[in-house]
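Inspection log for the structure reproduced underneath, given as structure tokens.
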Amino acid sequence: MVDCFYFLLLRPLSEKKSDLPTKKSRVHFILILNINLLILIDMMTREQYIESLRKMKMNVWYMGEKIDNPVDHPMIRPSLNSVAMTYWLAEQPEYQDVMTVVSNLTGKRINRFCHLHQSTEDLVNKVKMQRLCGQKTAACFQRCVGMDAFNAIYSTTYEIDQKYGTEYHKRFTEYLKYVQDNDLTIDGAMTDPKGDRSLSPSKQSDPDMFLHIAEIRPDGIVVRGAKAHQTGAVNSHEHLIMPTQAMKEEDKAYAVSFAIPTDAEGVTMIYGRQSCDTRKLEKYHDIDLGNSQFGGHEALVIFDNVFIPNERVFMCQEYDFAGMMVERFAGYHRQSYGGCKVGVGDVLIGAAALAADANGVTKASHIKDKLIEMTHLNETLYSCGIACSCEGCKMAAGNYMINLLLANVCKQNVTRLPYEIARLAEDIAGGLMVTMPSEADLRSKEIGHYVEKYLKASPDFTTEERMRILRLIENLTLGTAAVGYRTESMHGAGSPQAQRIMISRQGNLESKKQLARDIAKIKGSEKK
Ligand code: SF4
Ligand code: FE
């Protein structure tokens, strides 16, 4: 528990904005704990994070055109603002406990998004942090994929080294110290394009359908392929690659894990489209976006014969560990959804309640009941996130893993309950959410007064306020944020069937049968 008395900002002599952040040019915080205990904090401010990305020379494409300055591009900037929120919240004294933690690797206070979980309390705090970030952005804030990859790769590399005498864990630990010291955002990348789903990686007609080792050199490897649906790729300093599924010996070239800067030679990112995304380019886009400040994004990331030096390779052909790395990353990210989606759900429930107020139906009993149901569903998801954290355990490498069964139950619920929450929000909002005129009409000198007059409802809300609330619900259920709240709830961190396979593996049906045998006094029972 951090007892924070003072929070000081010490600016270094050089105020120069950095490329990739260096210690010299970054702000150092000193948190004074109980007056006499000093802990050096090595984190970037929100502004430094944004500047650090602006100096990178990424190869980013959107709508068939190369984007020279993704940081300031109106289509991309809201998603960057969401990541930036993870830095800003860590600067705020009131969020120190949840957003920051002392690194077990360096002894410095770091952003929790760069942390290796050291206890079940850390796992619980991770979920709380994600709920907070969801509440503040109402969008996917993207930085969790890196955190989940750190924890999965750290424990898996330890176990690879135990079996094969390799040095992946040492390499990865050094890499993670670099990430923590520089407070980087990392794209934890797992999902390959996969081509024909009925064929294994090595049987595909195009060998690049799964990212693979194309060449092994004395000083490193050359990789080729792609990662699809990459959350926050363009807002990340680095990509941290993992295999996409369990592999057999014939697929060993596809059992590969490594890290590479986002702007490395041979890396191309194609920015994904989202529903209603070009509203961001319209003259009047404030009200109509629903959430003009924040968003999320995914990208198709292509690796065209990219060289990876040995010190950044964390798995190279150890196919028997590919499944372990996948299962652990997926497990952590399924826990994550018990935090982030709940925080976004909080905003949606609040918006639905405000819509009811603005429509003048606050007192209707069915409205109250729908808001209760939405809250019940949302807190059910949170309960799953907290439960799988509390039931976590220590891994051989020393960091903590969530309870895999409960994390998969968490994500399975996430594939369903946000849809019902969204349905109820749309029910409360009413049809006007999708039929009302635009902000441009509201601002029109000729017809704006009609919009103002006929969209007015409760005297407690202006027409513009009512439009803003309805557009926010539209954004979360049908617009750009629906990617994160709806379809990502279905397919992110694995589609529903992936969790059902894990639930079947972890459910321990045999022990349940034994319980029933014992009670029913059926032959085969251990207890008589
Ligand atoms: Fe984080 Fe949720 Fe986005 Fe995944 S979907 S990166 S857990 S905010
Ligand atoms: Fe996700």
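Observations, loosely collected:
- Rounded to the nearest 0.05, the FRET efficiency derived from the C-beta distance between residue 119 and residue 416 at R0 = 45 Å is 0.90.
- Taking a ≥ b ≥ c as the square roots of the eigenvalues of the Cα gyration tensor, the stretch 349-476 is classed as prolate, since a/c reaches at least 1.5 and a/b is larger than b/c.
- Residue order, fewest to most beta carbons within 10 Å, for 211, 371: 371, 211
- Sorting 144, 393, 276 by the number of Cβ atoms found within 10 Å of their own Cβ, with the fewest placed first, yields 393, 276, 144.
- Expressed to the nearest 5 percent, the antiparallel share of DSSP beta bridges inside the chain is 85 percent.
- Computed P(r) (all Cα pairs; the stretch 282-397; 10 Å bins; percent): 10, 23, 26, 22, 13, 6, 1
- Filter on 55/177; 163/252; 227/248; 170/227; 57/280 - keep pairs with C-alpha separation over 18 Å: 55/177; 227/248; 170/227; 57/280
- As a rough footprinting exposure proxy, the listed residues 73, 117 were ranked by other beta carbons within 10 Å of their own, and the order from fewest upward is 73, 117.
- Looking at the stretch 28-177 alone, DSSP beta bridges between its own residues are antiparallel in about 90 percent of cases.
- Chain lengthening between residue 311 and residue 441 when straightened (0.36 nm per residue, less Cα-Cα): 41.0 nm
- Tensor-based shape of the stretch 161-280 (alpha-carbon gyration tensor, a/c under 1.5 rounded, otherwise prolate or oblate): oblate
- Bridges between two residues of the stretch 174-318, per DSSP, are antiparallel at a rate of about 85%.
- Its alpha carbons give the chain an Rg and a Dmax of 24.3, 86 Å.
- With R₀ fixed at 51 Å, the C-beta to C-beta distance from residue 199 to residue 423 puts the FRET efficiency at about 0.85.
- Within the stretch 289-313: backbone nitrogen closer than 20 Å to the residue 170 label point (7 Å, Cα to C-beta): 309-313
- With the simple model of a label 7 Å out from the Cα in the direction of the Cβ, residue 246 to residue 97 spans 4.1 nm.
- The modelled label-to-label distance between residue 72 and residue 490, using points 7 Å beyond Cα along the C-beta direction, is 3.8 nm.
- The stretch 124-214 shape via C-alpha gyration tensor axes, a/c threshold 1.5: oblate
- nm² value of the averaged projected area, convex hull over the Cα atoms of the stretch 409-528: 11.7
- The helix-based estimate of mean residue ellipticity at 222 nm for the chain, built from -39,500 (n - 2.57) per DSSP H run of four or more residues and divided by its residue count, is -14000 deg cm²/dmol to the nearest 500.
- Legend: calculated FRET efficiency, residue 65 to residue 515, from the Cβ-Cβ distance at R0 = 60 Å, rounded to 0.05, equals 0.45.
- Long-range HN-HN contacts of residue 214 with modeled amide H, under 5 Å: 222, 223, 224
Only the coordinates and a few stated rules stand behind these numbers; no lab work does. Please read all numbers here as calculations on a predicted model, not as lab measurements. Note: ideal-geometry Cβ built from the backbone for every residue, glycine included; neighbour counts use all protein chains shown.
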